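K.L.:
The structure that follows is given in the form of structure tokens.
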Amino acid sequence: MSVNNFCIFTKYFIIQNMQTNILIPFILTLFAGLATGVGSAIAFFAHRTNKRFLSFSLGLSAGVMIYVSFVELFNQAQISLSDHFGTKTGMIITVLCFFCGMLLIGIIDRFVPSVENPHEARSVESMNVAPPHNIKLMRMGIITALAIGIHNFPEGVATFVAAIENPTLGIAIAVAIAIHNIPEGIAVSVPVYYATANRKKAFFLSFLSGLAEPVGAILTYLILMPFISLVVMGCVFAVVAGIMVFISFDELLPAAREYGEHHVSIFGLVSGMLIMAVSLILLS
């Protein structure tokens, strides 16, 4: 899908759903996805990487995701499924869906070669070094942009589904994923720049890869919404919880440690949990 076609489809999609509760979840998902472009812009214009800030931010993002997953999403999934199937069966289905979410994102990670993994921590200082011109690097740059698009797709589903059920919860998840996407944008811009020797192309490809999140939202709407029910929502919530917990432990916290000191990322983790807990209490 070209950028122009995507914009036309997005405009049509928004107009068709102005009178429903779909617009806000879609905007939140778009916001989270476009944060990848913010990371690209930082890599494009900045001269130094504030590693302590990125470490704290990634820890905070992980804290929000972990707290929301276990306290809100998993709990809501268990309640919905237990009401329909009974307490024990509902709990079993919730747990199975939770680990299916982990399995899904794990399989996606498995098929992204580690050398091209966009979650590897990189710094903007790398942008100030003259890159070598190499066909293999060009290929790696394209694969890297595709890789982050694949990784962003389930995150778009997570944001969209959570926001449909609870806009407040959707905002929290969108902000957490947006924070996560900023250093991710840096991580993609650097290898693409090395592949192309072109800062603008590095920015554009990284920005474009973030559109995988609103695409995930659109496909979720088109595929799941006709079959939506309490049971389906319960299963999806549990799957989304599994996805976000896996992302937190496999990507966010390791990257936070690479960018800064261990304790900085833990302070961010605890702060994210505390902010989310207080927010849910105040908004309940």
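K.L.:
Of the residues I266, I247, which is in contact with a Pro (Cβ under 9 Å, 6 or more places away or on another chain), in contact (Cβ under 8 Å) with a residue 60 or more places away in the chain and either loosely packed, with under 14 Cβ neighbours inside 10 Å or more than 22 Å from I22 (Cα to Cα) (or both)?
P.N.:
From the options I266, I247, the qualifying one is I247.
K.L.:
Please work out if L60 is in contact with a Pro (Cβ under 6 Å, 6 or more places away or on another chain), modelled with pLDDT of 55 or more, buried (at least 18 other Cβ atoms within 10 Å of the Cβ) and part of a helix (DSSP H, G or I).
P.N.:
Here the answer is no, as L60 does not meet what is asked.
K.L.:
May I pose another question? Residues in region 226-244 that are free of Cβ contacts under 8 Å to residues at least 40 places away in the same chain, among the aliphatic types (A, V, I, L, M) and assigned to a helix (DSSP H, G or I): how many?
P.N.:
Count: 1.
K.L.:
Note down all Cβ pairs under 7 Å where the first residue falls in region 49-78 and is closer than 12 Å to L274 by Cα, the second is buried (at least 22 other Cβ atoms within 10 Å of the Cβ) and charged (D, E, K, R), and they're at least six residues apart or on different chains.
P.N.:
Hits for this filter: zero, empty list.
K.L.:
Within region 213-222, is even one residue closer than 14 Å to G63 by Cβ, among the hydroxyl-bearing types (S, T, Y) and either surrounded by 14 or more Cβ atoms within 10 Å (Cβ to Cβ) or over 19 Å from the mean Cα position of the chain (by Cα) (or both)?
P.N.:
Step one: list which residues in region 213-222 are closer than 14 Å to G63 by Cβ, which gives none.
Checked against the condition, which is being closer than 14 Å to G63 by Cβ, among the hydroxyl-bearing types (S, T, Y) and either surrounded by 14 or more Cβ atoms within 10 Å (Cβ to Cβ) or over 19 Å from the mean Cα position of the chain (by Cα) (or both), region 213-222 yields no hits at all.
K.L.:
Out of region 198-225, which residues are touching a Leu at 6+ places or on another chain (Cβ under 7 Å) and part of a helix (DSSP H, G or I)?
P.N.:
P214
K.L.:
Also: Filter region 65-93 down to residues that are small (G, A, S) and farther than 28 Å from D250 by Cβ and give me whichever is surrounded by the fewest Cβ atoms within 10 Å (Cβ to Cβ).
P.N.:
Here is the first cut: in region 65-93, the residues small (G, A, S) are 69, 77, 80, 82, 86, 90.
Among the residues that remain, those that are also farther than 28 Å from D250 by Cβ are: 82, 86.
On the way: S82: 18, G86: 11.
Per the stated criteria, the residue is G86.
Each row is one residue, and each column tells you yes or no for (1) of a type outside the set (S, T, Y); (2) at pLDDT below 85; (3) over 16 Å from N152 (Cα atoms).
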| position | (1), (2), (3) |
| --- | --- |
| M225 | yes, yes, yes |
| M233 | yes, yes, yes |
| I243 | yes, no, no |
| F246 | yes, no, no |
| L252 | yes, yes, no |
| I266 | yes, no, yes |
| G272 | yes, no, yes |
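K.L.:
Report yes if some residue within region 228-236 is more than 28 Å from G185 (Cα to Cα) and crowded, with 23+ Cβ neighbours inside 10 Å; otherwise report no.
P.N.:
Keep residues of region 228-236 that are more than 28 Å from G185 (Cα to Cα), which gives 228-235.
Then keep just the ones that are crowded, with 23+ Cβ neighbours inside 10 Å; that gives 234.
The answer is yes; a qualifying residue exists.
K.L.:
Before we move on, is G106 modelled with pLDDT under 80 and assigned to a helix (DSSP H, G or I)?
P.N.:
Details: modelled with pLDDT under 80: no; assigned to a helix (DSSP H, G or I): yes.
No; evaluated as a whole, the condition is false for this residue.
The values are calculated or read from the model by the stated rules, or taken from the named source; none is laboratory data. Predicted, not measured: the structure shown is a model, and the values here were computed from it. Note that each Cβ is placed from the backbone with ideal geometry, even for glycine, and that neighbours are counted across all protein chains shown.
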